[in-house]
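K.L.:
Just dropping this structure here.
The values are calculated or read from the model by the stated rules, or taken from the named source; none is laboratory data. Being a predicted model, the structure only gives us computed values, none of them experimental. We place every Cβ from the backbone using ideal geometry, glycine too, and count neighbours over all the protein chains shown. SASA here: full protein model, heavy atoms, side chains in, ligands and nucleic acids out. Shrake-Rupley method; radii C 1.70, N 1.55, O 1.52, S 1.80 Å.
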Amino acid sequence: EIDARIYDRWGHLVYQLVSSTGNIAWDGKNDKGVEVAAGQYFYIIKATGKDGQSYDTKGSVTLLR
C-alpha cells in the first residue's frame with residue numbers, strides 16, 4: 001500500500017493518492033482536477049511492501065508548464 005501526498009511551497013496539501021497496487025503518478029493537477037501552477041512541490045510517500053517492510057521517502061519536484 002502506498003500513500004503519496006504532494007504539497008505546495010506553503011505547505012498546503014495539493015494532491016493525495018492512496019494505492020494498493022503500487023502504481024502511482026501525478027499529472028500536475030490538484031484533487032479537484034485543476035492544473036496547478038508551475039513551480040516547486042514537495043512530496044511525502046509512505047508505503048508498506050508485500051514483505052511488511054515500511055518505506056518513507058520525501059523530496060521535491062519542479063513542475064514546468
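K.L.:
Report those strands (runs of 3 or more DSSP E) wholly inside the chain carrying at least 3 residues which are in contact with a Ser or Thr (Cβ under 9 Å, 6 or more places away or on another chain) and open to solvent by less than 60 Å² (accessible area, probe 1.4 Å).
P.N.:
Result: 2-7, 39-48.
K.L.:
When you scan the range 49-62, do you find a residue that is out of contact with any Gly (no Cβ under 9 Å at 6 or more places or on another chain), among the β-branched types (Val, Ile, Thr), closer than 12 Å to Asp3 by Cα and touching a residue at least 24 places away in the same chain (Cβ under 8 Å), even just one?
P.N.:
No, because not a single residue in the range 49-62 is out of contact with any Gly (no Cβ under 9 Å at 6 or more places or on another chain), among the β-branched types (Val, Ile, Thr), closer than 12 Å to Asp3 by Cα and touching a residue at least 24 places away in the same chain (Cβ under 8 Å).
K.L.:
How many residues does the range 1-39 hold that are closer than 30 Å to Gln53 by Cβ and not hydroxyl-bearing (Ser, Thr, Tyr)?
P.N.:
19
K.L.:
Another question about this same structure. Return the pair list, or none, for Cβ contacts closer than 6 Å from residues in the range 9-37 that are at pLDDT below 95 and of a type in the set (Val, Ile, Thr) to residues that are assigned to a strand (DSSP E or B) and surrounded by 10 or more Cβ atoms within 10 Å (Cβ to Cβ), at least 6 apart or on different chains.
P.N.:
Val18/Asp3; Ile24/Ile2; Ile24/Ala4; Ile24/Leu17
K.L.:
Another question, if that's okay. All but one of (1) at positive phi; (2) modelled with pLDDT of 95 or more hold for Ile6; state the number of the condition that does not hold.
P.N.:
(1)
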